[in-house]
Amino acid sequence: MTESATSSEFLLGLEEYLKYLDEPAAASLLHTVSRSLQSAEPKLAIARSHLQQLSATLPPELVDLADLGHGITKNSHSTEAVYRTVLTYCARVLRKTGHDQELALLADLCHSINRSQQLPEDLYRALIQYNARVLKTKGLENQARDTDLVLKSMDQEHIDQSVVKTQLSKLDQQFPKDKIFRSILNYLKLNLDNESLQDAFSRSQIKSKIWLIQELAHIQAHYKQVAVLAGWFGQIKSIYDQQLTYGKMRVVELDRSACETSDYVFNLSNLENHKVKAVCANINELTLHKNGYEWRVENFRDGTAYSEKFLPDLIINTSAEHMTEEWYHQLRFKQLASDPIVAIQSNNLFDIAEHVNCVHSVDHMIKKFPMREVLFAGELQLKGYKRVMLIGKL
């Protein structure tokens, strides 16, 4: 683990991914939501940020509603100012409409605010509910649905989990072709280890993998066979797919449950014909010949398996701090016929118990992993530590 596994850091990781996709508006919104979860009063912060965003996107005919949201957000610390804002809004609406349905909604809003016992939470709840109902009457179903989801989040004991699911649902609808958001939602539905998920998609983890793929893309765009050693949930594939292509990919991971998650959650769409397949194995104990790795490829659901020889032209290990260099020296000794590019990442988090092979710098990394040809060597400063990367040929 490299970073505190929190819902906020998880959303910041998705923000980095959206920036990588060149989706600045969606990334900015996720950043605001993440910061709201870090607030001392996250429910109020989420409600406030939603109203601010909603007010900025309402159509011109709902300018009065936008002004109401803006006014209450600005003055929620003052009961007197709140009442003044609501009365101003009521006067404007009454002058414009005689529609019974809208007047009934307005009456309900006034009644709810009048009954509020704890400002500003009850106030925001009443205002958000009112917004949702008005949006529905105007046929703005998507905005009404999002507003309903915020209201439901405020009613949850664990608001961070509810907010994460809400944001993932919105992103899945906004980017239906990118399966990563649906995959994360499916993971959450299975009630698997939430802390591991949040760590895997934390900001530092995502930034590190984006860095790797961008540097690999500078070298070449297509690799025939890719071996991802210590590949966790196989989550790197979504980042990989944005810039690089490949024939087949193997995600080699010691944790069987992580392999199952890779196959049946994050990479299910590429499991047919084993274009992407997890291999449960200890990478320091793999059988290796000049013509490639030989390993057991298992169907984790029925237990059937077959032996496969796999000759990679790209080998990735972004978790070198978790293991000795035995896997690397084995590669150097065998000199694979494919003359593969090898990409390695480690870090300088020496104080973490599971980290048995950290490095201080690029120079330290090169000494640990000597290469015949270095194609890239660099350091990436992250939150509280740095990631070190080496790409080259053995």
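Of all residues in segment 4-50, exactly one satisfies the criterion of being acidic (Asp, Glu) and within 28 Å of Ile72 (Cα to Cα), namely Glu41. Here Leu119 fulfils each of the conditions (1) modelled with pLDDT under 80; (2) among the hydrophobic types (A, V, I, L, M, F, W, C); (3) in a helix (DSSP H, G or I) apart from (3).
Taken over segment 33-52, the criterion of being surrounded by fewer than 17 Cβ atoms within 10 Å (Cβ to Cβ) and either within 18 Å of Gly69 (Cα to Cα) or small (Gly, Ala, Ser) (or both) is satisfied by Ser39, Ala40, Gln52.
For beta carbons closer than 6 Å, sequence separation of 6+ or different chains, a first residue in segment 68-79 that is closer than 14 Å to Gln53 by Cα and a second that is basic (Lys, Arg) and surrounded by fewer than 16 Cβ atoms within 10 Å (Cβ to Cβ), there are no qualifying pairs.
Residue count for segment 1-25, restricted to those that are among the hydroxyl-bearing types (Ser, Thr, Tyr) and modelled with pLDDT of 90 or more: 4. Evaluate the following for Arg332: is it part of a helix (DSSP H, G or I), over 18 Å from Gln235 (Cβ atoms) and either of a type outside the set (Ser, Thr, Tyr) or touching a residue at least 12 places away in the same chain (Cβ under 8 Å) (or both)? Yes.
Do we have any residue at all in segment 355-372 that's within 26 Å of the chain's Cα centre (by Cα) and surrounded by fewer than 17 Cβ atoms within 10 Å (Cβ to Cβ)? Checked against the condition, which is being within 26 Å of the chain's Cα centre (by Cα) and surrounded by fewer than 17 Cβ atoms within 10 Å (Cβ to Cβ), segment 355-372 yields no hits at all. For Gly303, the criteria (1) assigned to a loop (DSSP other than H, G, I, E, B); (2) closer than 17 Å to Gln225 by Cβ; (3) small (Gly, Ala, Ser) hold in every case but one, which is (2). Which members of segment 221-245 meet the condition of being surrounded by fewer than 19 Cβ atoms within 10 Å (Cβ to Cβ), touching a strand residue (DSSP E or B) at 6+ places or on another chain (Cβ under 9 Å) and in contact (Cβ under 8 Å) with a residue 40 or more places away in the chain? If the condition is that a residue be surrounded by fewer than 19 Cβ atoms within 10 Å (Cβ to Cβ), touching a strand residue (DSSP E or B) at 6+ places or on another chain (Cβ under 9 Å) and in contact (Cβ under 8 Å) with a residue 40 or more places away in the chain, then Lys224 is the only one that fits.
Remark: pairs (first residue in segment 15-36, closer than 20 Å to Lys165 by Cβ; second residue of a type in the set (Asp, Glu); Cβ separation under 7 Å; 6+ apart in sequence or on different chains) = Ala27/Glu15; Leu30/Glu15; His31/Glu15; Ser34/Glu15. When segment 301-330 is filtered for residues that are farther than 25 Å from Ser204 by Cα and out of contact with any strand residue (DSSP E or B) (no Cβ under 8 Å at 6 or more places or on another chain), the ones remaining, listed by number, are Arg301, Asp302, Gly303, Glu326, His329. Residue pairs whose Cβ atoms lie under 7 Å apart, sitting 6 or more positions apart in sequence or on different chains, and linking a residue in segment 135-160 that is closer than 22 Å to Ala66 by Cβ to a partner that is surrounded by fewer than 12 Cβ atoms within 10 Å (Cβ to Cβ), are Thr137/Gln101.
Thr324 satisfies every condition listed in (1) at pLDDT 95 or above; (2) β-branched (Val, Ile, Thr); (3) under 26 Å from Arg387 (Cβ atoms) except (1). Under the condition of being under 15 Å from Ala320 (Cα atoms), charged (D, E, K, R) and touching a Lys or Arg at 6+ places or on another chain (Cβ under 9 Å), the residues counted in segment 339-394 number 2.
Any residue in segment 76-87 that is within 26 Å of Leu12 (Cα to Cα) and either assigned by TED's automatic domain parsing to the domain that holds Asp146 or surrounded by fewer than 18 Cβ atoms within 10 Å (Cβ to Cβ) (or both)? No - not one qualifying residue is present in segment 76-87.
Arg296 meets each of the listed conditions (1) assigned to a strand (DSSP E or B); (2) touching a Leu at 6+ places or on another chain (Cβ under 6 Å) apart from (2). Of the candidates Ser36, Ser28, the single residue that is touching a Pro at 6+ places or on another chain (Cβ under 7 Å), among the polar types (S, T, N, Q) and either at pLDDT below 85 or assigned to a helix (DSSP H, G or I) (or both) is Ser36. Each residue in segment 199-220 was checked for being free of Cβ contacts under 8 Å to residues at least 40 places away in the same chain and buried (at least 18 other Cβ atoms within 10 Å of the Cβ), and 2 pass. Considering only residues that are part of a strand (DSSP E or B) and out of contact with any Cys (no Cβ under 7 Å at 6 or more places or on another chain), which ones fall in segment 335-347? Answer for segment 335-347, where residues must be part of a strand (DSSP E or B) and out of contact with any Cys (no Cβ under 7 Å at 6 or more places or on another chain): Ile341, Val342, Ala343, Ile344, Gln345.
The values are calculated or read from the model by the stated rules, or taken from the named source; none is laboratory data. Note that the coordinates shown come from a computational prediction; the quantities given were computed from them, not determined experimentally. Neighbour counts are summed over all protein chains in view; Cβ atoms, including those assigned to glycine, are modelled from backbone coordinates with ideal geometry.
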